[in-house]
1. Can you tell me how many residues in the range 19-37 are touching a residue at least 12 places away in the same chain (Cβ under 8 Å), assigned to a helix (DSSP H, G or I) and touching a helix residue (DSSP H, G or I) at 6+ places or on another chain (Cβ under 8 Å)?
2. When the range 68-107 is examined, which residues are found to be under 20 Å from residue 48 (Cβ atoms), out of contact with any strand residue (DSSP E or B) (no Cβ under 6 Å at 6 or more places or on another chain) and in a loop (DSSP other than H, G, I, E, B)?
3. Just the residues that are under 18 Å from residue 37 (Cβ atoms) and in a helix (DSSP H, G or I), please, taken from the range 143-173.
4. Going by the structure shown, is residue 132 in contact with a helix residue (DSSP H, G or I) (Cβ under 9 Å, 6 or more places away or on another chain) and surrounded by fewer than 19 Cβ atoms within 10 Å (Cβ to Cβ)?
5. Across the range 166-187, what is the number of residues that are surrounded by fewer than 17 Cβ atoms within 10 Å (Cβ to Cβ) and touching a residue at least 60 places away in the same chain (Cβ under 8 Å)?
């Protein structure tokens with residue numbers, strides 16, 4: 001993980017979840033339809049760059065013995081050091097930017113990644129988290145829910161937003177019930193669902 005000094009200067013943080021090849025371009029769990037959200041994600045990144053705010057790119061990254069695979073049909077995916085665990089080409093160049101941190105995770109919640117925990121502990125002045133990515137009903141759902149609980153625990157008044165026009169899930173038409181439930185539960189927990197006007 002890149003070392004960014006003075007994390008306490010940031011007021012806003014954009015979190016883009018799992019826009020890796022293994023979910024968008026190749027591998028057993030990919031769905032190329034997810035790519036339709038990339039232009040909106042780029043707009044958000046560019047807005048953050050212009051305002052010199054923090055961007056975090058989360059990458060699903062597993063070892064072959066990952067326990068998570070047992071819960072999802074023993075389907076190895078996004079293995080470390082493979083193309084599947086790399087960001088899609090459209091977002092990959094942003095990894096080099098000064099205000100961008102890339103974090104690998106080995107679960108369906110970015111909050112559980114040790115690097116994320118380290119960073120979030122230093123983002124003491126962030127007032128707003130903007131979250132998007134894939135998959136809406138799994139990692140995009142689990143991350144913001146856990147983040148909201150973390151903020152409550154430490155009495156941090158930051159608001160969590162999920163951009164509904166920049167999230168997607170695989171086989172989305174057949175998973176509509178899961179997606180709708182994810183949005184409903186996030187909203188119930190005080191997470192703000194927003195989209196570009």
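None of the figures in this text is laboratory data; all of them are computed from the coordinates on show. Just so it is clear, the structure is predicted and the values come from calculations on it, not from any experiment. Neighbour counts run over all protein chains shown; Cβ positions are idealised from the backbone, glycine included.
1. First pass over the range 19-37, keeping only residues touching a residue at least 12 places away in the same chain (Cβ under 8 Å): 19-31, 33-37.
Of the ones still in play, those that are also assigned to a helix (DSSP H, G or I) are 21-24, 33-37.
Subsequent filtering for residues that are touching a helix residue (DSSP H, G or I) at 6+ places or on another chain (Cβ under 8 Å) retains 21-24, 33-35.
Qualifying residue count for the region: 7.
2. Matches in the range 68-107: 88, 89, 90, 91, 97, 98.
3. 143, 144, 172, 173
4. no
5. Matching residues across the range 166-187 total 1.
Conditions tested, residue by residue: (1) farther than 21 Å from residue 142 by Cα; (2) under 19 Å from the mean Cα position of the chain (by Cα); (3) not in a strand (DSSP E or B).
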{"position": "47", "(1), (2), (3)": "yes, yes, yes"}
{"position": "52", "(1), (2), (3)": "yes, no, yes"}
{"position": "57", "(1), (2), (3)": "no, yes, no"}
{"position": "64", "(1), (2), (3)": "yes, no, yes"}
